[in-house]
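See below for the structure under consideration.
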Amino acid sequence: MQQSKGRPRGGGTDQESPAETLDGQAPVLAEETGQFGYDDPWYDALASGWGESADDGEHAQAPVPPARGEDGAGPAAADVYLEVQRSAAFQEVRRRYRKFVVPAFVAFFTWYVGYVVAATTVPELMARPVAGAVNVAMLAGLGQFLSTFVLTWAYARHARLRRDRAALELRWDTQELTRGVGGGRP
């Protein structure tokens with residue numbers, strides 16, 4: 001049986017384990033305190049191994065609950081998301097995203113590869129002094145950092161001005177639709 005922070009873990013019994021004693025007080029059942037006990041299946045789930053059996057150490061297959069809406073009560077939340085994905089508003093947000101990202105990626109990647117290729121193929125050009133000990137390679141390298149910050153600023157500005165409002169409206173509409181089909185939280 002694995003140890004968790006020096007304490008033995010429960011063996012999967014149905015009985016709740018007592019919570020730790022605090023300042024010499026008597027132990028209180030976890031269900032009385034509203035906290036989870038150490039034999040709770042979600043406690044230390046990553047450390048214990050998923051679906052670990054207490055008896056033989058083999059991994060048991062955890063049951064998968066049915067998706068919401070699969071009981072025939074109406075359309076599932078997944079149908080709502082597919083409908084939203086096919087909508088003109090969602091396609092417009094994606095088009096605006098691609099319209100910025102693809103050219104920006106091509107420009108930045110070309111600039112980066114051009115810097116690396118120039119540094120390896122024409123070192124005499126990169127070693128040419130510009131001002132004192134500063135040469136072309138140093139300026140181009142600093143230009144890489146500067147262009148990264150400029151590209152980040154431009155992306156954030158483009159998202160704020162061209163996509164965020166439409167994406168937020170889609171998000172609210174999607175949440176309203178999923179609440180209507182029982183797929184959202186109450």
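Computed values, structure above
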item	result
Unique residue being in contact (Cβ under 8 Å) with a residue 12 or more places away in the chain and open to solvent by 50 Å² or more (accessible area, probe 1.4 Å) when the list is Asp164, Asp173	Asp173
Selected residue (only one of Ala118, Ala89 is out of contact with any Phe, Trp or Tyr (no Cβ under 6 Å at 6 or more places or on another chain) and free of Cβ contacts under 8 Å to residues at least 24 places away in the same chain)	Ala118
Tally of residues being within 22 Å of the chain's Cα centre (by Cα) and surrounded by 14 or more Cβ atoms within 10 Å (Cβ to Cβ) across the range 79-113	6
Verdict on Ala140 being in contact with a Phe, Trp or Tyr (Cβ under 8 Å, 6 or more places away or on another chain) and open to solvent by less than 40 Å² (accessible area, probe 1.4 Å)	yes
Selection status of Ala118, more than 30 Å from Arg179 (Cα to Cα) and assigned to a helix (DSSP H, G or I)	yes
Residue count, the range 114-135 (criterion: in contact with a Gly (Cβ under 8 Å, 6 or more places away or on another chain) and open to solvent by 90 Å² or more (accessible area, probe 1.4 Å))	0
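The values are calculated or read from the model by the stated rules, or taken from the named source; none is laboratory data. Because the structure is a prediction, the values reported are computed rather than measured. Quick reminder, even Gly has a Cβ in these numbers, built from the backbone with ideal geometry, and neighbours come from all protein chains shown. Side chains are part of the model used for accessible areas, which takes the heavy atoms of the whole protein and leaves out ligands, DNA and RNA. Shrake-Rupley method; radii C 1.70, N 1.55, O 1.52, S 1.80 Å.
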